[in-house]
1. Kindly work out what percent of the DSSP beta bridges joining two residues of the chain are antiparallel, to the nearest 5.
2. Just want to confirm a number: the relative contact order over the range 1-151, from Cα pairs under 8 angstrom separated by 6+ residues, in percent.
3. For labels at Arg97 and Tyr187 in the simple 7 Å Cα→Cβ model, what's the distance in nm?
4. Separation between the Ala4 and Lys195 pseudo-spin-labels, each 7 Å from Cα along Cα→Cβ, expressed in nm?
5. Amide H neighbours of Gly158 under 5 Å, counting only residues 5+ apart in sequence or on other chains, H built in-plane at 1.01 Å?
6. Determine the gain in length on full extension of the stretch Glu169-Ala114; use 0.36 nm per residue of separation and subtract their C-alpha separation, reporting nm with one decimal.
7. Could you list which residues have their amide H under 5 Å from that of Met39, counting only those 5 or more apart in sequence or on another chain, with H placed in the peptide plane?
8. Along each principal axis of its Cα atoms, how long is the range 19-122 end to end? Whole angstroms, biggest number first, please.
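Every read-out reported here was derived from the displayed coordinates using simple, explicitly stated rules and does not represent laboratory data. Keep in mind the model is a prediction, meaning the values are calculated, not measured. Reconstructed Cβ throughout: ideal geometry from the backbone, glycine too, with neighbour counts over all protein chains shown.
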Amino acid sequence: MSAAVDFWFDPTCPWAWMTSRWMGEVEQVRDVDVTWHIMSLSVLNEGQDVDPEYRKLMDRAWGPARVVNAARELHGQEHVKPLYDEIGIRIHPGGRRDYEQIIVEALAEVGLPAELIDYAGSEELDESLRASHQRGLDLVGEDVGTPIVAVDGTAFFGPVMTPAPRGEEAGRVFDGVVAVASYPGFYELKRTRTKGPIFD
């Protein structure tokens, strides 16, 4: 029986992108059924005292999250991952920050209506975006970021890693992460990051 995996991401987060690439590898070597969910660093950082430059990033991060959410709401869950892939590949390995143009290109690539770009600056569907975001946080608590992963109901933040493991190594990491996270009293395993995301 397939393991049910739920994956929450913000399209602009490079670490969520790395973990999503790992999960794509896991899908090839383990019997998993992954559902992709939108969350938002902009929502997560509302009301927080953050660096002004980071605040600017958070203000801009609304657009991609809103458009992915609009695609889900208006056209179906099956569009979430393909749209995330097309946005993410332009932002992360592509190194681009022109979010509006990125979204326009990504929508065209996956065959979704160009008009969805209008939701980038609209609060119309924010209630459902916030609800998706909150479903992830409800599983792990407030003291996390993106991504959030849940496997058969066992949820955790991360894993944060670079580069993304491939092939059977990705499967072994998955097995280990799930084993550790499934212990009810386990809360944290961490070490200082010494590298940025390696987009290979």
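1. 55
2. Numbers: 199 pairs, mean separation 53.9, N = 151.
Over the range 1-151, the number comes to 36 percent.
3. Those two pseudo-labels are separated by 3.6 nm.
4. Placing both labels 7 Å beyond Cα along the Cβ direction yields 3.5 nm.
5. Correct list: Ile148, Val149.
6. Details: separation 55, 0.36 × 55 = 19.80 nm, distance 3.89 nm.
In short, 15.9 nm is gained.
7. Residues meeting the amide H criterion: Phe9, Asp10.
8. 43, 29, 26
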